[in-house]
Amino acid sequence: MKFDETHTLNKPAASVLKMYSDRAYFQRKYVTLDGVKDFEILECESKGDTFRIKHRSQQRSDIPMPDFAKKILGEYNAVIQQDTWNLKTGVGRLEVELKGVPLKISADMKVSGSGNATVTFNWLVSCSIPLLGGKLEKLIADDIRAKSAADMVLSNQLLADY
């Protein structure tokens, strides 16, 4: 399932990319977000124009789950996420793994704008479970959309430091 999300942030793209390439931003963000616990940064590196960070946490869904989904997804799910950015072009990729769940979640990202920055997320959610895969993809997409607004608000708050 493909879908797009857009965030408008209250500083220029250069400031947003500075934030997105700061380890401390991720630490502050995921410790603050509701429904996230046990956050840990696994890897973080900056080489030339490339920044990459990989982290794990336990995350709760923000939407009601039907019974079939509760059997696949628990109240909290172990999530491993990797964000990679080309700081020169403002293009990035986000990859998410839910431990023990046959889902692939990714987003191509782009930061642009000299006034208020726009961050576009082109999401792809795919599930290999026969018959239920499409329904699970839709639930995960709905959960991402539900969390998107809170993520944008928090990112705008944290952006004040950049």
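Please treat every number below as a calculation from the coordinates, not as lab data. Please read all numbers here as calculations on a predicted model, not as lab measurements. Neighbour counts are summed over all protein chains in view; Cβ atoms, including those assigned to glycine, are modelled from backbone coordinates with ideal geometry.
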For region 72-94 and region 117-143, what is the separation of their Cα centres, given in Å? 14
Given R₀ = 30 Å, what would the calculated FRET efficiency be for residue 38 paired with residue 71, taking r from the Cβ atoms and rounding to 0.05? 0.85
The simple spin-label model distance between residue 126 and residue 10, using points 7 Å out along Cα→Cβ, in nm, is 4.0
Relative contact order (percent, whole number), the chain, Cα cutoff 8 Å, 6+ residue spacing: 30
Return, for the Cα atoms of the chain, the radius of gyration and Dmax in Å, separated by a comma. 15.7, 47
J(HN,Hα) series, region 68-85, from Karplus relation 6.51 cos²θ - 1.76 cosθ + 1.60, nearest Hz, glycine and proline x: 4, 6, 4, 6, 9, 10, x, 4, 10, 10, 6, 10, 10, 10, 10, 10, 10, 10
If the chain between residue 89 and residue 31 were fully extended at 0.36 nm per residue, the gain over the current Cα-Cα distance would be 18.0 nm
For residue 110, list the lysines whose Cα falls under 20 Å from its own Cα; do not include residues on the same chain fewer than 8 positions away. 2, 11, 18, 29, 47, 54, 88, 147
